[in-house]
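The structure appears right after this line, and notes come after that.
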Amino acid sequence: MKIANETKIGVLAVVALAGLILGFNFLKGSSLFEHNKKLYAVFDNVEGMELSNAVVIDGLQVGSVEAINASDKDLSRGIVVTINMKKDVHIPKNSVGVINSGLITSASIVIDKGDDTHYLNDGDTLLTKQKSNLFSQVESSVNPVILKLGGTLTSLDSLVEQIGTMFDPRLKNNFAALMGNLAGTTAQMQILLNAQTGQLAQSLKHMNEFTGNLAKNNDKINQTLDNVEKTTSNLAAAKIPETVASLQSTINELKGVVAKLNSNNGSIGLLMNDKGLYQNLEATTRSMNTLLDDLRLHPKRYVNISVFGKKDKSGPLMAPLPDSASKPVNK
C-alpha cells in the first residue's frame, strides 16, 4: 500500500506539533505523563517572577512556577501564582512563602516551613508575605542620602552667596565697626591681663595667699583631722547597737512590770485594782482603830490589875474615836 505524500506530511506535522508541545511543557517544568501536586500562592507584587522559576525549601528545589495569573481585572485581590510540585514533600499548613530576587540569579519562591502537624494538600493555598527585593532596599537606603546631599548643597550655595555679599562696598562701614570693636576688646583684655593691676593678677595673688595660709596651718588641719578620726573611732567602738538593744530589753521588762501592776494577777495588782480588797483592808483598819481606842479608854475591861478598883461595866466602843490630829486647830 502506497502512502500519499500529503499523508506523510500531515503525520510529520502532527508529530512535530506534539514534540513542540511536550518540549514547551518540559521547559516550563510540567509533565503531561504524570500528575503533580499543585499549590497556589497569592502575592501583591511578583516583580522579577517568571514561569519555570524555582520553588525552594531549605535550599532544595521542590517545584517550579507553572502559571502567573491575575485574581481579577482590578488586581484587588493580588496575583495568583500556581506552583507545580515536582517532589512529594510534606509542607506544614502554617508555612510561609516569599519571593526572593537577587542581582544575578532569577527570582524564586522560598518556603519557610512551619511547625504545624497538618500538611498542605493538592489545590491548597500557601500563606505568603511580601519581602522587599534588593533593589528596593538599595533605593530606600540611597534616597535619604541623596536628600541630605541636596540639603547640604543648598546650604553651601547660601553660604557662598553670603560670602559674596561681604565684598559689597556698602558693607565696608560694617567691617570698620567690627574691627573697632575687636580693637576695644583686645585693649580690655590687655588691662585684665596686666601683671600689676589686672583683675586676673589680683585673683591669682589672692589664690596664692589662700594656699599659703593653708600651708601655714597644715599642722592644725592635720590635728583636726586626727581628732575627727579619733571621734569616729570612739563612736565605732562604743557598741551603740548593743547599748540600744539592752535599753530596749529594759524598756520591754518595765512594760511587763507595768502590765502586771495593771492586771489582777499578784498582790500589788490586786491591791491596786481590786476594790473589794481595798474595802476589806479599810474595814479591818477601822476595826483595829476601834479596838485600840476601846483598850485605851477601858483597859480594865481587858486587863484587871487594880486591887481596889471596880470593874468597868460600860459597853464596848462601836466606832473609833475621832482623831484629834485631823481636827482643825482653834486660833
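Here are a few things to note about the model shown:
- Total residues in region 68-88 satisfying the condition of being within 48 Å of the chain's Cα centre (by Cα) and more than 19 Å from K113 (Cβ to Cβ): the figure is 6.
- Hits in region 1-58 - residues which are farther than 29 Å from D72 by Cα, assigned to a loop (DSSP other than H, G, I, E, B) and modelled with pLDDT of 80 or more: D58
- Among the residues of region 68-87, the ones that are of a type outside the set (D, E, K, R) and either touching a Pro at 6+ places or on another chain (Cβ under 8 Å) or modelled with pLDDT under 85 (or both) come to 3 in all.
- Filtered residue count, region 229-263, keeping only those that are closer than 30 Å to K275 by Cβ and not in a helix (DSSP H, G or I): 1
Residues are listed down the side, and each one gets a yes or a no for (1) surrounded by 12 or more Cβ atoms within 10 Å (Cβ to Cβ); (2) without any contact (Cβ under 8 Å) to a residue 40 or more places away in the chain:
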| position | (1), (2) |
| --- | --- |
| D72 | no, yes |
| L75 | no, yes |
| G78 | yes, yes |
| I91 | yes, no |
| S95 | yes, yes |
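- Condition check for V65 on (1) farther than 26 Å from G114 by Cα; (2) modelled with pLDDT of 85 or more: one failure, at (1).
The values are calculated or read from the model by the stated rules, or taken from the named source; none is laboratory data. Note that the coordinates shown come from a computational prediction; the quantities given were computed from them, not determined experimentally. Using ideal geometry, Cβ is built from the backbone for each residue, glycine included, and neighbour counts are taken over all protein chains shown.
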